[in-house]
Amino acid sequence: MTEQANPASADFDALSTLEMLAVFNREDRRVAGAVERELGPIARLVDETAAALLKGGRLFYTGAGTSGRLGVLDASECPPTFNVPPDLVVGIIAGGEGALRSAAEGSEDSPEAGARDLLARGFTSRDVLVGIAASGRTPYVLGAVDAANGLGALTACVVCSPDSELASRVRIPIVPLPGPEVITGSTRLKAGTATKLVLNMISSGVMVRLGYVYSNLMVNVQPRNEKLVDRAQRIIMAVTGCERERAARLLEESGRNVRTAIVMGRLNVSRAQAESRLDACGGRVREAIG
């Protein structure tokens, strides 16, 4: 499907600029619906991945080209957003870091390289691997998935073409089908957008399940700069109902830990008591404050 011509964009180059952009926009509307039809398997993957991470596992993405870049992007956003270790969510791209900026198409043709790169990052049976390939047939990704399956690890995929080889090899296939691209074969377009939406859900959903979000607030944010200190104080104010001055004081007294500060403020307890409650609740603010 990702290589088929799209009749909606026939004679694309003959259209006016406004007409051309209208075609892009109409086709992009298909993406959200395609992802919506895959919410069931996405939810299953979120729950099973959260369970794996609670047992000491990690989440890995692997892909080539646009797919690989999207995986690396999603992984790299997790530490600043949720204050998790940089090796908790790992993105691997065929061709290594240089392929993030410069195309390295030849590197995607080796299943051995996919397996080797995955195992070199210390992948084990406790970890989770999500193979990303718009076409569902990238040898690099297939090799990594085979290696993960051989260890007995949980495997999943994000693929934008039906009946693919990759989807048949994983335990949880996620297959949004936004249809042929406006520019034939350019999977950085609808397929890339669908993939980004799915990865957003996977990583964010896992972090919610792990307790790094309370309500819709990033309560595990690490206030390392002025902007993030302001955000942390506003989060404390929103949850506890206190004024800015008290929020600032709670943040400092908690050791700059937003979750601890929230429990201190809501229950009027000491830092030690707040930390104890959070430990007993697996770090989940909602349970800690009752």
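The values are calculated or read from the model by the stated rules, or taken from the named source; none is laboratory data. Here the structure is a predicted model, which means the values were calculated and not measured. So basically every Cβ, Gly included, is an ideal-geometry build from the backbone, and we count neighbours across all protein chains shown.
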I'd like to check something: does region 226-240 contain any residue that is assigned to a loop (DSSP other than H, G, I, E, B), at pLDDT below 95 and either surrounded by fewer than 16 Cβ atoms within 10 Å (Cβ to Cβ) or in contact with a strand residue (DSSP E or B) (Cβ under 8 Å, 6 or more places away or on another chain) (or both)?
no
So Pro176 fits all but one of (1) assigned to a loop (DSSP other than H, G, I, E, B); (2) surrounded by fewer than 16 Cβ atoms within 10 Å (Cβ to Cβ); what number is the exception?
(2)
Can we say Ser186 is assigned to a loop (DSSP other than H, G, I, E, B), free of Cβ contacts under 8 Å to residues at least 40 places away in the same chain and within 24 Å of Glu36 (Cα to Cα)?
yes
Criterion (of a type outside the set (Lys, Arg), under 22 Å from the mean Cα position of the chain (by Cα) and in a helix (DSSP H, G or I)) met by exactly one of Ser203, Ser161
Ser203
Residue in region 87-94 that is surrounded by fewer than 21 Cβ atoms within 10 Å (Cβ to Cβ), out of contact with any His (no Cβ under 8 Å at 6 or more places or on another chain) and not charged (D, E, K, R) present
yes
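Residues are listed down the side, and each one gets a yes or a no for (1) at pLDDT 95 or above; (2) at positive phi; (3) outside any loop (DSSP other than H, G, I, E, B); (4) among the charged types (D, E, K, R):
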position: Ala51; (1), (2), (3), (4): yes, no, yes, no
position: Gly57; (1), (2), (3), (4): yes, no, no, no
position: Thr62; (1), (2), (3), (4): yes, no, yes, no
position: Gly68; (1), (2), (3), (4): yes, no, yes, no
position: Pro79; (1), (2), (3), (4): no, no, yes, no
position: Val90; (1), (2), (3), (4): yes, no, yes, no
position: Ser107; (1), (2), (3), (4): no, no, yes, no
Looking at Val145, is it closer than 23 Å to Lys190 by Cβ and in contact (Cβ under 8 Å) with a residue 12 or more places away in the chain?
no
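Results for (1) of a type in the set (D, E, K, R); (2) closer than 17 Å to Gly205 by Cα; (3) not assigned by TED's automatic domain parsing to the domain that holds Leu166, shown as yes or no for each residue.
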{"residue": "Glu36", "(1), (2), (3)": "yes, yes, no"}
{"residue": "Leu39", "(1), (2), (3)": "no, yes, no"}
{"residue": "Leu45", "(1), (2), (3)": "no, yes, no"}
{"residue": "Glu48", "(1), (2), (3)": "yes, yes, no"}
{"residue": "Ala64", "(1), (2), (3)": "no, no, no"}
Which count do you get for residues in region 238-256 that are in contact with a helix residue (DSSP H, G or I) (Cβ under 8 Å, 6 or more places away or on another chain) and without any contact (Cβ under 8 Å) to a residue 40 or more places away in the chain?
13
Meets criteria (under 20 Å from Gly192 (Cβ atoms), of a type in the set (A, V, I, L, M) and not in a loop (DSSP other than H, G, I, E, B)) for Ala167:
yes
